[in-house]
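Working notes for the structure below.
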Amino acid sequence: MENVHAVSLPGANDATMQGIATAGNGVWSDGTDLSTLEAIFNGTGGSLVGIDKIVVTLPDGTPIDPNAVSGIGAFTVDSPFNIALGPNTWSVTAFFTDGTSATDTVTVNGVTAAIPLPAALPLLLGGLGMLGLFGARRRKS
């Protein structure tokens, strides 16, 4: 079920807008105090997308709860983990306010790579070699 939220702007029929929000299992605001809608967007007063909870499962199978879920479903995870060689798959399960859930995965392939030599190092060595050559040539003459 989708939630329908409504805001009455000046000139709108408040009763109609409130009825739309109520029928849509949403929140209504009269437009003068937007703190209710602000709470929905930051995740402290409900959810625009109907997410009740999110669980992230790390590649090693450890489930963790995100720090917070915003009203639009955004979240962050501050859990340290190392990416191993080969495929590393995380899964994210969203539990919705209507009792349903959905899971999706993301896979990152861990690879080893040689650390490239900084481009300035060969130039520096070449420059020092040239200085040494000119210094030795100067001493001979």
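Among all residue pairs at least 6 apart or on different chains, which show Cβ distances below 9 Å where the first residue, located in segment 64-80, is more than 23 Å from T36 (Cα to Cα) and the second is part of a strand (DSSP E or B) and polar (S, T, N, Q)?
I64/T57
Mind checking which residues of segment 4-27 are in a helix (DSSP H, G or I), of a type in the set (S, T, Y) and either farther than 24 Å from I51 by Cβ or in contact with a Leu (Cβ under 9 Å, 6 or more places away or on another chain) (or both)?
Within segment 4-27, T16 is the sole residue that qualifies.
State yes or no: is S101 touching a residue at least 12 places away in the same chain (Cβ under 8 Å) and closer than 22 Å to I54 by Cβ?
Against the criterion (touching a residue at least 12 places away in the same chain (Cβ under 8 Å) and closer than 22 Å to I54 by Cβ), S101 does not qualify.
Identify, by number, the condition in (1) at pLDDT below 75; (2) surrounded by 10 or more Cβ atoms within 10 Å (Cβ to Cβ); (3) not in a loop (DSSP other than H, G, I, E, B) that S47 doesn't meet.
For S47, the exception is condition (3).
The values are calculated or read from the model by the stated rules, or taken from the named source; none is laboratory data. As the structure is a prediction and not an experimental result, all values here were calculated from the model. Don't worry about glycine lacking a Cβ; one is built from the backbone with ideal geometry, like all the others, and counts go over all protein chains shown.
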